[in-house]
Amino acid sequence: MVDAPSGRSLVVDAVTHRYPSGALAVENINLDIKGGEIIALLGPSGCGKTTLLRIIAGFIAQTQGRIIIGDDIVDALPPNKRAVGIVFQNYALFPHLSISENVAYGLAARGIDKASRQREAQRLLELVQLPAMAERLPRQLSGGQQQRVALARALAIKPSILLLDEPFAALDKNLRLDMQIEVKRLQRVSGITTLIVTHDQEEALSMADRVAVLSHGKLEQFGSPSDVYDRPQTLFVNTFVGSTNRMPGIVVSADRTAAKVRLDAGAEIIARPAGGALSEGGRVTVCIRPEHLQFVGDETGFAGVVGMSLPLGATVVHEVTTADGSGVKVSQARIGETRALESGAAVRLAPLAPSLANAFPATL
Amino acid sequence: MGAAPAARDVTSYGMGLAAPLALFFLVFFVAPLLQLFWLSLHNDTAGLHWGLGQYLHFLTDPFSLGVLGSTLLLGAEVTAVCLVLGFPIAWLYQRVGPKLQTVIILIVLLPLLTSVVVRTFAWIVILGRQGIINATLQSLGLIDTPLKLLYTQFGVVIALAQVQMPLMTLPLITALGRIDPNLDDASCSLGAGSWRTFFRILLPLSLPGIIAGCTLTYAAAITAFITQSLIGGGQMLFMPMYLYQQASTLQNWPFAAAISIIFLLAVLAVVSVFTTLGRMSRGYGGA
């Protein structure tokens, strides 16, 4: 019942799209995706990720650039000739057709005879664990079941690329996790190159082999989840993915691998020049994630006053006000008995390691 | 279970509130209809002899049956023209921006804003021997003698189609608006071409609108006394005019009443065929 891994590569080559009004939807996007990879297109709403998905599917003809699937440039092909499977956010199941007819729809369009396509539909419904639902109508199924059907329908045409548009947004939290695992399982089984459009960073980080972060139509970073999370290349990526403390400061000295920064909050720290070379004396924004800050006993680090401590189960988050009046958050794992910090207690903070403090040139 | 008493209350209120309308219908619709039926059961114009003679007369008279047949056929032709022309307009309406939508809806509604008599006379001007069409064709040298457009079945169908178009287009616009536009994209991405998408997805899902539109258009077209008579002229006789002649000119009230009842039943039969067809297809109410 398992398809042979059929993933084809997908290259988005310098794609730019301009709306008729002249506004840029996406600008010079380059993605080189290997066969069988899961890629997440991550970004806030309006960042152009859905436009890019529709360009790949063929619903929008891009202004410039090429889409290459496998060895074929597909720009001239209409959507029905591209063999790109899509799962829509609202699933878009055909309401008047049974589940089995929905799944078999693409096979009928390919002129496959009725007996074969019924057999294939049944096989796919077993694959998505809904073998008993074949004769029902979509509206008789729950949201999660409808999504499985949408997946089976997209997989039925043996697509070379599978596109998922915000596939889990309409599901409640528990079901979402189940479906994420399910999609990942199906993707591993089928080996289909998969692109997931999402605004949910956890989803992107947990599901994808590589994450492409988009903002305002531009590709901010394209890398593995740990690259994106730990080694962000832009201030946007650092703040959009995960939470972070932004601390302004001035570069004291810098080379390519490390920069000494004097924080406005007091204290000098070593940070990683994340967005390219830094110039001495230039203003920077240093990003340190709450879990990468620690309380230190000695005179290193910067001083602050504890405002509030929030026990959030596995972690405790402390809000600390620094000398320059800005607030930072510190997240501590609750190991054994974490010492309670009273409001108003004076503390000193420092990053866990220089590589965990990312310095970006300050934008005005 | 707790909601049951509340639900029953709602129904009883509803029935009470419907009473004025029910009374109105009883007095002004059901009663006249019964009177009409009672009238049709008389064999003579004076109303002295009971019997089914009027019905027998109609059903055995080739002329009367011919009038009925051509009227029902006229309705079918007008409905078909309205559907074929109205569907693309409704489809277009759902795919253009709000400004063009306003323009389209205005064009669709425009026939309703002018009197039927005025519109019908406009068609006489267009279709007449010296009308716009003939004048244009003649000046282009395409024809030598004027085409006979007025007082033909073709003329009646075209004029009626224009007059009744909003009744088709408006339900279609509503029905197409309920269809998720993603279904179009989904069908396309699954490899279906435009025609397959149209016949397998768009058409079945718009059936409720098609049936509503066809029922309204059909009923309106076959009873359109003014347009039928003015464009059809004296040579073409349809049921409304036939009825009018019997009642008003010949004063044969029992026969006119029988014609009315037969016409009513024929229309009901056609309408129920439409509805049954719709219910048989699973697209009905599926969207």
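Just to be sure, is residue B:84 at pLDDT 90 or above and loosely packed, with under 13 Cβ neighbours inside 10 Å? Can you show your working first?
Numbers: at pLDDT 90 or above: yes; loosely packed, with under 13 Cβ neighbours inside 10 Å: yes.
Answer is yes for this residue.
When you look at residue A:307, is it at pLDDT below 90, among the small types (Gly, Ala, Ser), surrounded by fewer than 18 Cβ atoms within 10 Å (Cβ to Cβ) and not assigned by TED's automatic domain parsing to the domain that holds residue A:201, yes or no? Talk me through it step by step, then tell me what you get.
On the way: at pLDDT below 90: yes; among the small types (Gly, Ala, Ser): yes; surrounded by fewer than 18 Cβ atoms within 10 Å (Cβ to Cβ): yes; not assigned by TED's automatic domain parsing to the domain that holds residue A:201: yes.
Here the answer is yes, as residue A:307 does meet what is asked.
Could you tell me whether any residue of the range B:124-131 is in contact (Cβ under 8 Å) with a residue 40 or more places away in the chain and either away from chain A (no Cβ under 14 Å) or closer than 30 Å to residue B:241 by Cα (or both)?
Among the residues of the range B:124-131, at least one is in contact (Cβ under 8 Å) with a residue 40 or more places away in the chain and either away from chain A (no Cβ under 14 Å) or closer than 30 Å to residue B:241 by Cα (or both), which makes the answer yes.
Quick check on the range A:57-82: of everything there that is in contact with a helix residue (DSSP H, G or I) (Cβ under 6 Å, 6 or more places away or on another chain) and of a type outside the set (A, V, I, L, M, F, W, C), which residue is farthest from the other protein chains (Cβ to nearest Cβ)?
A:62
Here are some residues: A:271, A:265. Which one is touching an Asp or Glu at 6+ places or on another chain (Cβ under 9 Å) and hydrophobic (A, V, I, L, M, F, W, C)?
A:265
Kindly indicate which of A:333, A:314 is in contact (Cβ under 8 Å) with a residue 12 or more places away in the chain, in contact with a helix residue (DSSP H, G or I) (Cβ under 8 Å, 6 or more places away or on another chain) and loosely packed, with under 14 Cβ neighbours inside 10 Å.
Checking each option against the conditions leaves just A:333.
What's the number of the only condition in (1) without any contact (Cβ under 8 Å) to a residue 40 or more places away in the chain; (2) buried (at least 21 other Cβ atoms within 10 Å of the Cβ); (3) not acidic (Asp, Glu) that residue B:254 fails to meet?
(1)
Which of the residues belonging to the range B:171-189 are more than 13 Å from residue B:206 (Cβ to Cβ) and aliphatic (A, V, I, L, M)?
Across the range B:171-189, the qualifying residue is only B:186.
For residue B:21, state whether it is modelled with pLDDT of 90 or more, farther than 16 Å from residue B:258 by Cβ and surrounded by fewer than 10 Cβ atoms within 10 Å (Cβ to Cβ).
Yes: the conditions hold for residue B:21.
Residue A:284 fails exactly one of the following numbered conditions: (1) under 31 Å from the mean Cα position of the chain (by Cα); (2) of a type outside the set (S, T, N, Q); (3) part of a loop (DSSP other than H, G, I, E, B). What is the number of that condition?
(3)
Find all pairs meeting these conditions: Cβ atoms under 9 angstrom apart; at least six residues apart or on different chains; first residue within the range B:44-62 and more than 14 Å from residue B:257 (Cβ to Cβ); second residue surrounded by 12 or more Cβ atoms within 10 Å (Cβ to Cβ).
As it stands, the answer is B:48/B:42; B:49/B:42; B:49/B:43; B:59/B:65; B:59/B:262, since those pairs meet every condition given.
The rows are residues; the columns are (1) in contact with a Phe, Trp or Tyr (Cβ under 9 Å, 6 or more places away or on another chain); (2) not hydrophobic (A, V, I, L, M, F, W, C).
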position: B:46; (1), (2): no, no
position: B:50; (1), (2): no, no
position: B:59; (1), (2): no, no
position: B:62; (1), (2): no, yes
position: B:65; (1), (2): yes, no
position: B:74; (1), (2): yes, no
position: B:81; (1), (2): no, no
position: B:85; (1), (2): no, no
position: B:90; (1), (2): no, no
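Residues of the range A:107-134 being within 12 Å of chain B (Cβ to nearest Cβ) and of a type outside the set (Lys, Arg), which ones?
Scanning the range A:107-134 gives A:107, A:108, A:109, A:111, A:112.
Which numbered condition in (1) more than 11 Å from chain B (Cβ to nearest Cβ); (2) over 22 Å from the mean Cα position of the chain (by Cα) is the only one that residue A:37 fails?
Residue A:37 satisfies all of (1) more than 11 Å from chain B (Cβ to nearest Cβ); (2) over 22 Å from the mean Cα position of the chain (by Cα) except (2).
Take the range A:83-104 and flag every residue that is within 9 Å of chain B (Cβ to nearest Cβ), closer than 15 Å to residue A:114 by Cβ and of a type outside the set (Gly, Ala, Ser).
Selection gives A:97 alone.
Could you figure out which of (1) surrounded by fewer than 17 Cβ atoms within 10 Å (Cβ to Cβ); (2) within 14 Å of chain B (Cβ to nearest Cβ); (3) without any contact (Cβ under 8 Å) to a residue 12 or more places away in the chain isn't true of residue A:54?
Going through (1) surrounded by fewer than 17 Cβ atoms within 10 Å (Cβ to Cβ); (2) within 14 Å of chain B (Cβ to nearest Cβ); (3) without any contact (Cβ under 8 Å) to a residue 12 or more places away in the chain one by one, residue A:54 breaks only (1).
Determine, yes or no, whether residue B:206 is crowded, with 17+ Cβ neighbours inside 10 Å and at pLDDT below 90.
No; evaluated as a whole, the condition is false for this residue.
Name the residue that is farthest from the chain's Cα centre (by Cα), counting only residues in the range B:66-97 that are without any contact (Cβ under 8 Å) to a residue 60 or more places away in the chain and under 26 Å from residue B:179 (Cα atoms).
B:97
Among the residues of the range B:166-176, are any within 14 Å of chain A (Cβ to nearest Cβ), aliphatic (A, V, I, L, M) and out of contact with any Ser or Thr (no Cβ under 9 Å at 6 or more places or on another chain)?
no
Determine which member of the set B:186, B:161, B:192 is hydrophobic (A, V, I, L, M, F, W, C), buried (at least 21 other Cβ atoms within 10 Å of the Cβ) and assigned to a loop (DSSP other than H, G, I, E, B).
Exactly one of B:186, B:161, B:192 is hydrophobic (A, V, I, L, M, F, W, C), buried (at least 21 other Cβ atoms within 10 Å of the Cβ) and assigned to a loop (DSSP other than H, G, I, E, B), namely B:192.
Any residue that is at pLDDT 90 or above, within 18 Å of residue A:178 (Cβ to Cβ) and of a type in the set (A, V, I, L, M, F, W, C) - is there at least one of those in the range A:115-127?
Within the range A:115-127, one or more residues are at pLDDT 90 or above, within 18 Å of residue A:178 (Cβ to Cβ) and of a type in the set (A, V, I, L, M, F, W, C).
From (1) farther than 22 Å from residue A:359 by Cβ; (2) charged (D, E, K, R); (3) modelled with pLDDT of 85 or more, pick out the condition that doesn't hold for residue A:289.
(1)
The values are calculated or read from the model by the stated rules, or taken from the named source; none is laboratory data. What you see is a predicted model; the values in this text were computed from it and never measured. Note: ideal-geometry Cβ built from the backbone for every residue, glycine included; neighbour counts use all protein chains shown.
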